[in-house]
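Structure record follows, encoded as structure tokens.
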Amino acid sequence: MRISFCQALLTGAILLNLLILYFVSRAQQQMMEKRRTQGKGLKKISYSVSGLGAEGGPVARSITGGNKLGGLMGSMRSPRLTVLLREFEDFENYVSDSARSFLHQRPEVPFLVVADTLPYPPLTLPENARLMVLTPSPEQPPQMHHPEFYVQTEFVLLVSDGVELEHGKHLERLIRELEGEGGGPVRLVAAPVLTRAAVQCLHLQVSLKNWTATYSLGALGSSGSVCTALHGDAVVLIRTEDLFNLSIPLARPLLSSLFIQTALRGWKVKLLEGPLFSASHRPLFTSAHNQWKADSRIKEASKQLMQSFGLKHLIWPDGRDQWFGCSKETQRCFGTVHDDTPEYLYLDRWTPPCCLRALRETTKYVINILESSGVRYWLEGGSLLGAARYQDIIPWDYDVDLGIYLEDVPNCEYLKSLDSGSLVDANGYVWERAVEGDFYRVQYSETNHLHVDLWPFYPRNGVMTKDTWTEHKQDVEFPEHFLQPLVPMLFAGITAYGPNNHRAFLELKFGEGVIENPQYPNPAKKRLDRSRL
């Protein structure tokens, strides 16, 4: 086969491009290796000195500061911390003022501004301040979007928009305080910013198993307040190694993200009475519209943060609850359940609290309608077990089961007409005949399918039976005398009705000792570790 001139020319061009790409790639690799080597050298030097560069004298910078390595080696005094500003809004901010304030007092200290995307309008930063964008760009190497590559100092000082440094010695004081803790549980040191509201020291407990973070007022330590979280305007000093060992070190809102992660690790923060940092730009926003925009963005960032951390419920010191997810307008927090084992059990978590709340609301609503309609009902299966054990829904359960008398179904307007399809009532609950068999289901909403199942039984020769059976071992016939009479039981915050001898009823269905020996529904798939109860 003959090769034309055009084909030969095209082949040559391709080979030339491949050769150029090879040499460019080699050059980039050599450059990155050189930078890493220099960075390690800088780090060793900065860790060996005991203080910050003297104000007004000859100073040295790390790579992020922009000075030459020779100047650093000559002075042998490198900055021990990097100032990192993360919290600001691009539509109105005082980032430049903050950078100038710190660099005026400590020109040798690297000042790094971190943004999710390139700010617009563009920031105007002083010469020695640097902007870093977290969002990757296809034309740049990955390290360009990782802040740990920019920070070559031993410590990081986290500041928010508009914070100003009045005295350079404040930075030295923060470092001394953190070093004085000797690597104990106090892994962060904070100082308040002079604003109208004082900074509060809080105690934070995070239970990932229960998807919940609980805040309470913190206790005072011997030399300042020692706690696990802060509320208010403060700067925070942390070791660089500790910061970048967190799973999401710079997620927004920054302090909320930081303290959730450090609390899970058992770390504490020490809040000093001083040194104080100033903030002449307070409030930050000059118009109500910009304040609304900022509040909306923080609210959305908080929602995304809670979703990424798997937290559904925040409890604040004043007892106020804040929920994330599981409303009537959102889908439930987990998908279709397989093998009686919801997906959250495989994550070593229990039912999200917002789901439990929705189940309690639905249960109370359904029981009220059944009672007012004259439909006899009783707690069934795992719901009865929850009432006997916790007076509530089992913490890892995902629905509620009620037995009803089949002959009472015509008494309820919502149930008697379900042969023709589903019904959405005036409160948004969905009543339907279940597709899995001859029973009824009441869903929290058309979007959120958390539900209460209604199982219609009828007596036959003194035994309660039904027409649809499941593969659950507890789904069996039982003597009617357990229902004569029905007795009140506390369940999910209300008084419901259950069998008159619930222990015998449950042991008939689940086996002896079931109340005292909790276990997941399908231990073959996922077994409960009782030592962690």
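The values are calculated or read from the model by the stated rules, or taken from the named source; none is laboratory data. The structure presented is a predicted model; accordingly, all values stated were derived computationally and were not measured. Glycine gets a Cβ as well: all are built from the backbone with ideal geometry, and neighbour counts include every protein chain shown. Ligands, DNA and RNA are stripped out before the accessible areas are found, and what is left, the full protein with its side chains, is counted by its heavy atoms. Shrake-Rupley method; radii C 1.70, N 1.55, O 1.52, S 1.80 Å.
Peptide packing: for 308-315, 370-377, the average count of neighbouring Cβ atoms within 10 Å per residue gives the ranking 308-315, 370-377, highest mean first.
Summarising the amide proton neighbourhood of HIS167: residues at separation of 5 or more, or on other chains, whose placed amide H is nearer than 5 Å comprise an empty set.
Summarising the amide proton neighbourhood of ALA234: residues at separation of 5 or more, or on other chains, whose placed amide H is nearer than 5 Å comprise VAL193. Full extension of the segment from ARG297 to LEU347, taken as 0.36 nm per residue of separation minus the current Cα-Cα distance, would add 15.0 nm.
Accessible area per residue, 1.4 Å probe, Å², for segment 161-297: what's the number?
On the way: 6020 Å² over 137 residues.
Each residue of segment 161-297 exposes 44 Å² on average to a 1.4 Å probe.
What value does segment 228-275 have for Rg/Rh, both radii from Cα atoms and Rh as Kirkwood defines it? List each step's numbers first, then the result.
Numbers: Rg = 10.5 Å, Rh = 11.3 Å.
Value, to two decimals: 0.93.
Which translational diffusion coefficient, to the nearest whole µm²/s, is obtained for segment 428-533 from the Stokes-Einstein equation, given a Kirkwood hydrodynamic radius over C-alpha pairs, 25 °C and 0.890 mPa s?
Working: Rh = 16.3 Å.
My calculation gives 150 µm²/s for D.
With a 10 Å radius around each residue's Cβ, average the other Cβ atoms per peptide and rank 200-207, 92-99, highest first.
92-99, 200-207
With 26 Å as the limit, write out which pairs from LYS328/LYS364; LYS209/LYS299; LYS169/LYS268; LYS299/LYS364; LYS312/LYS526; LYS169/LYS299 have Cα-Cα distances beyond it, or answer none. From the list (LYS328/LYS364; LYS209/LYS299; LYS169/LYS268; LYS299/LYS364; LYS312/LYS526; LYS169/LYS299), the Cα-Cα distance tops 26 Å for LYS299/LYS364; LYS169/LYS299.
Stick to the Cα atoms of segment 71-204, pair each with every other, and give me the Kirkwood hydrodynamic radius in Å at one decimal.
Details: mean 1/r = 0.0607 Å⁻¹.
With all distinct Cα pairs of segment 71-204 included, I get 16.5 Å.
Backbone amide hydrogens, once placed in the peptide plane, bring GLU87 within less than 5 Å of ASP161, excluding anything fewer than 5 places away on its chain. Residues ASP529, ASP453, sorted by accessible area with the largest first, give ASP529, ASP453 [1.4 Å probe; ligands and nucleic acids excluded].
Of VAL487, VAL156, the order by accessible heavy-atom surface (1.4 Å probe, DNA, RNA and ligands excluded), from most exposed downward, is VAL487, VAL156. Annotation: per residue accessible area for segment 377-417 equals 30 Å², rounded to a whole number [probe 1.4 Å, protein chains only].
Applying a DSSP loop filter and a limit of 12 other Cβ atoms within 10 Å to the GluC sites (Glu not before Pro) in segment 410-505 leaves GLU436, GLU471.
Count Lys and Arg as plus one, Asp and Glu as minus one, and take only other residues whose Cβ is under 11 Å from that of ALA115; the net charge is then -2.
For segment 265-316, with all protein chains present and a 1.4 Å probe, just round the carbon and sulfur fraction of the accessible area to a whole percent.
On the way: 1570 of 2810 Å².
Carbon-and-sulfur percentage of accessible area, whole number: 56.
In this view, the solvent-accessible surface of GLU407, computed with a 1.4 Å probe and all protein chains in place, comes to about 120 Å².
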